[in-house]
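Right, one structure below, let's go through it.
Every number in this text was worked out from the coordinates using simple rules, so none of it is lab data. From a predicted model like this one, the values you see are computed outputs, not experimental measurements. Cβ atoms come from the backbone with ideal geometry, glycine included; neighbour counts cover every protein chain shown.
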Amino acid sequence: ETGVTQTPRHLVMGMTNKKSLKCEQHLGHNAMYWYKQSAKKPLELMFVYSLEERVENNSVPSRFSPECPNSSHLFLHLHTLQPEDSALYLCASSQNRGFEQFFGPGTRLTVL
Amino acid sequence: QQQVKQSPQSLIVQKGGISIINCAYENTAFDYFPWYQQFPGKGPALLIAIRPDVSEKKEGRFTISFNKSAKQFSLHIMDSQPGDSATYFCAASGGGTSYGKLTFGQGTILTVHP
């Protein structure tokens, strides 16, 4: 595997389900990000982890819970989501202040 | 003040033509301005980037023009090809964080007709 991988690529869940999105970066970076991409809206930064410490949480509802067990892995735990949470969830990584972020292909989430 | 405004939302160009996408920002602390390209089913990928100490940067058919006084920057794609059809995002970053916090524009869907 190379770059940034995300699993699953597609996820359909009911409003009462609990699921998790997984991201893995194979680039040796020390910062990882979760973004939400909705149609006709800018990419919304959700969470940032730098050196495995959460450094930013952009007023994201508590039904989204991130976890970064090490510098290569990032999870987004989902619980009691709403239909408006349906979107493409993108993971990215970067090295220090290297502003180039490398994105994964995303997980297309549909909440019924 | 953290917004980056991008226009147009969509753009249709004939093969061989010039595609121009514009962005404007308010925050003068921004010091890095990348453009990302996203194909369907893929995540965004860095295309080209510029810092405010230069007014233009060219990489192949892609050029960023930067106007610091107007707080505007634009992407020009020369000799546009059908393979350039994608969504383009401008972004801006800066402000002293220890990581690359990017603020993205709304995106432009570019279609290049053969």
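The mean number of partner chain beta-carbon atoms within 10 angstrom of a residue's beta-carbon across peptide B:39-47 is 5.
Once backbone amide H atoms are built at 1.01 Å from N, A:Glu56 has A:Val48 as its partners under 5 Å, excluding neighbours fewer than 5 places away on the same chain.
If you take each beta carbon of peptide A:99-110 and count the beta carbons of other chains within 10 angstrom, what is the mean?
What the average comes to for A:99-110 is 5.
Compute the FRET efficiency between B:Ser7 and A:Asn58 as 1/(1 + (r/R0)^6), taking r as their Cβ-Cβ distance and R0 = 35 Å, and round to the nearest 0.05. So, using R0 = 35 Å, E works out to roughly 0.90. The alpha carbons of the protein assembly as shown occupy a box of 49, 40, 34 Å along the principal axes, longest dimension given first.
Under the convention that each Lys and Arg Cβ holds +1 and each Asp and Glu Cβ holds -1, the size of the dipole of region B:1-65 around its Cα centre is about 320 debye.
FRET efficiency for the B:Ser69 to A:Asn17 pair, using the beta carbon distance and R₀ = 45 Å, is estimated at 0.30.
Annotation note: trypsin sites (Lys or Arg not before Pro) in region A:48-103 located in DSSP loop regions with a Cβ neighbour count of at most 16 within 10 Å are A:Arg63, A:Arg97.
Rounded to whole numbers, the Karplus 3J(HN,Hα) couplings from phi for region A:27-39 are 10, x, 7, 10, 10, 9, 9, 10, 10, 10, 10, 10, 4 Hz, using 6.51 cos²θ - 1.76 cosθ + 1.60 with θ = phi - 60°, and x at Gly and Pro.
Taking a point 7 Å from the Cα of A:Thr7 along the Cα-to-Cβ direction, the residues of region A:90-112 with backbone N closer than 15 Å to it are A:105-107.
In this simple spin-label approximation, A:Arg108 and B:Thr28 carry label points 7 Å from Cα along the Cα→Cβ vector, and these lie 4.5 nm apart.
Please report, to two decimal places, log10 I(q)/I(0) for chain A at q = 0.10, 0.22 Å⁻¹ as given by the Debye formula with identical point scatterers on the Cα atoms and no solvent. Values, matching the q order: -0.25, -1.24.
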